[in-house]
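Undergrad: Got a structure for you, questions after.
Values in this text are rule-based calculations from the coordinates and carry no lab data. This is a predicted model, so every value here is computed, not measured. Please note: Cβ atoms are built from the backbone with ideal geometry, for glycine as well, and neighbour counts cover all protein chains shown.
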Amino acid sequence: MKKNFITSILYTIIATVLLGLIYPLVVTGLAQMLLKDQANGQLIKKNGVAEGARILAQPFSAAKYFHARPSAAGANGYDATNSGGTNWGPTNQKLIDRVKNDTAALQLGNPGKAVPVDLVTASGSGLDPHITPAAAEFQVERVARARGTAEANIRKLVLAHTELRQFGFLGESRVNVLELNLALDEMYPAP
């Protein structure tokens, strides 16, 4: 009995040291050596200052910027500490009302154009940093007007920031909103 007790205590100590200290340190060290950018949140830095994370959506509301998908993460959206969808189903009246209101607001700036679904619906995490190329195209006219440049210039920039399907067949083409907006600020500063 006493021998089993001592053995179990020793195994507990060994497992704690091995799995609670050594393993996390080895994995963290390997991640820092092999995948430094991913291990550190994929931050986008400008002049040494973090502008945002490549993998998290941020709210952009000014006309000079492309807008991300709506966010359901947290009370005001875009809260990385409270990631998750709303769990509202397609028949939920709150979701129906929000989508109708968002669609109407977007159509004011683009009368007659169909609103891409990703501009009025949140992603599963509420923090998807990408929009579809169609959602970017929907916003080109507004952004070009606000920046005082030709729509063709903005379209060219959108095309340059469009990521194609991974391996040619996984996922969909997408545009990272933060990267696109930072490129806009660099190439076409707003007047």
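Undergrad: How much length is gained on full extension from Asn4 to Ala190, taking 0.36 nm per residue of separation minus their Cα-Cα distance?
TA: Stretched fully, the Asn4-Ala190 segment lengthens by 59.6 nm.
Undergrad: Taking the chain as a Gaussian network, Cα atoms linked when under 10 Å apart, which of Pro111, Pro129, Pro59 shows the biggest mean-square fluctuation?
TA: Greatest mean-square fluctuation among the candidates belongs to Pro111.
Undergrad: Tell me the label-point distance for the pair Leu159, Arg54, using the 7 Å Cα-to-Cβ offset, in nm and rounded to one decimal.
TA: Placing both labels 7 Å beyond Cα along the Cβ direction yields 2.4 nm.
Undergrad: Right, something else. About the Cα centre, and with charges only on the beta carbon of Lys, Arg (+1) and Asp, Glu (-1), how big is the dipole of the chain? Nearest 20 debye, please.
TA: For the chain, the charge dipole is close to 320 debye.
Undergrad: Just need the relative contact order of the chain here, percent rounded to a whole number, with Cα pairs under 8 Å and 6+ apart.
TA: That works out to 20 percent.
Undergrad: Return the sequence-ordered ³J(HN,Hα) values of the stretch 17-29 in whole Hz as given by the Karplus equation 6.51 cos²θ - 1.76 cosθ + 1.60 applied to θ = phi - 60°, using x for Gly and Pro.
TA: Each residue's phi maps through the Karplus curve to give 5, 5, 8, x, 10, 5, 4, x, 5, 5, 5, 5, x Hz.
Undergrad: Using Cα pairs under 8 angstrom and six or more residues apart, how large is the relative contact order of the stretch 69-120, in percent?
TA: Computed value for the stretch 69-120: 29 percent relative contact order.
Undergrad: Between Asn101 and Leu25, take the C-beta separation as r, use R0 = 41 Å, and let me know the FRET efficiency to the nearest 0.05.
TA: 0.25
Undergrad: Still on this structure, please answer the following. With an 8 Å cut-off on Cα pairs and a minimum separation of 6 or more residues, tell me the relative contact order of the stretch 94-191 in percent.
TA: Values: 87 pairs, mean separation 24.3, N = 98.
It rounds to 25 percent for the stretch 94-191.
Undergrad: Give the Rg/Rh ratio for the stretch 65-191, taking Rg as the radius of gyration of the Cα atoms and Rh as the Kirkwood radius, to two decimals.
TA: Rg/Rh: 0.98.
Undergrad: Please give the FRET efficiency for Leu43 paired with Ala152, using the beta carbon to beta carbon distance and R0 = 45 Å, rounded to the nearest 0.05.
TA: Once the sixth-power term is evaluated, E becomes 0.90.
Undergrad: Under the 0.36 nm per residue contour assumption, what length would be gained going from the current alpha-carbon distance of Leu18 and Ala114 to full extension?
TA: Taking Leu18 through Ala114 to full extension adds about 28.9 nm, to one decimal.
Undergrad: Put +1 on the Cβ of every Lys and Arg and -1 on every Asp and Glu Cβ in the chain; which of Ala122, Thr12, Pro90 then has its Cα farthest towards the positive end of the dipole?
TA: Of the listed residues, the answer is Thr12.
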